[in-house]
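The values are calculated or read from the model by the stated rules, or taken from the named source; none is laboratory data. In this text the structure is predicted, and so the values were computed from the model without any measurement. Every residue, glycine as well, gets a Cβ built from its backbone with ideal geometry; the counts of neighbours run over all protein chains shown. The accessibility values were calculated without ligands, DNA or RNA, using every heavy atom of the protein model including side chains. Shrake-Rupley method; radii C 1.70, N 1.55, O 1.52, S 1.80 Å.
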Amino acid sequence: MSIKVLLGVSGGIAAYKAAELVRRLREEGAQVRVVMTTAALSFITPLTLQALSGNAVRSDLLDPRAEAGMDHIELARWADLVLVAPATADLMARLAAGLADDLLTTLVLATTAPLVLAPAMNHRMWLHPATRENLARLQKRGVRVLGPAQGDQACGEWGPGRMLEPTEILDVLPLRVSSDLAGKRVMVTAGPTREALDPVRYIGNRSSGRMGYALASSLAARGAELVLVSGPSALSAPHGVDLVRVETALEMEAAVMERIGDCDLFVAAAAVSDYRPRDRAGEKIKKDRTELDLHLVKNPDILARVAALPEGPFTVGFAAETERLEEHALDKLEKKGLNMIAANLVGGRTGGFERNDNALLVLWSGGRKSLPLMSKTRLADALTDVVVERYLAYLSSQDS
Ligand code: PMT
């Protein structure tokens, strides 16, 4: 189902990028309604955004004609996502303070949809302590902030404050919504694990958490109740997701097993360390030896444990391989007893760990689907389509 995006446009020079944003959102199949602040009207005409969105643009809170149609509360309910681009320093301050002094700020207070901001302002305004405080308050409330980028500014100065380009914004927004998974509880694992050698060093890997967090977001957008168990990652919790942070493989195993009982689906995107040091030194290991032997012991396989549960959830594993992708992935699918596996080539120039893009080969008994290289957000949407399709087919095969 196409996502309904309420695009808020506030008054900065980057408002001209809103036109391109609307066009691209429509190309992706989104329904778009635009709300402008009074200041935004000085930078771009409502007519442009109306023509591109196919819907009347609103800017006035107390407009009797508009309130007779889609009133502001209905508009707040209509949205699956509220995106404010550009978000000026003034708008961020008003949102942080919880003001409702115009249509856009009122809508933000009245909606339950996730709020995403793409800030744009002079770099000194962005770095001002007042803006930093407002940003921190908004992020603490779960508001997602995209950018800003560094670069030349309209004022002739250079620094952080440029609004991201419309394509960069689109790359990181989940754009599909449905209620296919309504009433279902889904658990996703993401990120790396860290296995301590001593108080300052650990064995880890390059996973950033991006793939798993994007998947959690996409699955939540299909109506699922979502638990995300994550190893150390710089990412913040996606909207509507219950985030459980862990550090080691043993902690991840405990967090998963404690909560898996009532889950319908389990998706393991984490890069769990296969081994951990047998002993953790109490003090920092000294570098006085020319050689150092580490004794490692195997970590439990969390995915295999979940797949072996009697009456367990529908399980989707990942396979990160550097060669013979399909062969190794099929081997894991079978040996771990999974319903599906998403295999990715890692260690090359594209895709895999850390990067923003990835490609997957999805395999299940009797089927396969290749998902080409794309942003991890788009890929998560595409993988979620396949998972939902296979899961619903599995449920109907259980019924018959
Ligand atoms: O986080 P990013 O930077 O976005 O990168 C994404 C990713 C490359 C980490 C992700 O796409 C991915 O491939 N995740 C799985 C990485 C991995 O550990 O693969 P594996 O082939 O070693 O493990 C197979 C499966 O078993 C995985 O689902 C893994 O989560 C699971 N596993 C592995 C070991 C273990 N002890 N417990 C597990 O649950």
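Is it true that ALA281 is within 16 Å of the ligand (Cβ to nearest atom), in contact (Cβ under 8 Å) with a residue 40 or more places away in the chain, over 18 Å from LYS184 (Cα atoms) and not assigned by TED's automatic domain parsing to the domain that holds GLY142? Criteria not met by ALA281.
When ASP301, ASP288 are checked against the criterion of being acidic (Asp, Glu) and within 10 Å of the ligand (Cβ to nearest atom), ASP301 stands alone in meeting it. Only one entry in LEU91, LEU6, LEU103, LEU83 is touching a His at 6+ places or on another chain (Cβ under 7 Å), under 24 Å from ARG137 (Cα atoms) and open to solvent by less than 20 Å² (accessible area, probe 1.4 Å), namely LEU103. Apart from one condition, ARG349 fits all of (1) part of a loop (DSSP other than H, G, I, E, B); (2) over 14 Å from ALA269 (Cα atoms); (3) within 12 Å of the ligand (Cβ to nearest atom); the exception is (3).
For segment 203-215, does any single residue satisfy the condition of being away from the ligand (no atom under 14 Å from the Cβ) and in contact (Cβ under 8 Å) with a residue 40 or more places away in the chain? No: zero hits. For segment 107-130, check the following and say yes or no: at least one residue is open to solvent by 70 Å² or more (accessible area, probe 1.4 Å), under 21 Å from the mean Cα position of the chain (by Cα) and assigned by TED's automatic domain parsing to the domain that holds VAL22. Yes - at least one qualifying residue is present in segment 107-130. The residues of segment 9-38 that are closer than 13 Å to SER59 by Cα and either buried (at least 17 other Cβ atoms within 10 Å of the Cβ) or under 23 Å from the mean Cα position of the chain (by Cα) (or both), listed by number, are VAL9, SER10, GLY11, ARG33, VAL34, VAL35, MET36, THR37. The single residue among VAL246, VAL267 that is within 19 Å of LEU219 (Cα to Cα) and surrounded by 15 or more Cβ atoms within 10 Å (Cβ to Cβ) turns out to be VAL267.
Show the residue pairs meeting these rules: Cβ distance below 9 Å; 6+ apart or different chains; first residue within segment 177-197 and under 22 Å from SER233 (Cβ atoms) and within 16 Å of the ligand (Cβ to nearest atom); second residue assigned to a strand (DSSP E or B) and modelled with pLDDT under 95. Pairs that qualify, where the first residue is under 22 Å from SER233 (Cβ atoms) and within 16 Å of the ligand (Cβ to nearest atom) and the partner is assigned to a strand (DSSP E or B) and modelled with pLDDT under 95, are VAL188/VAL241.
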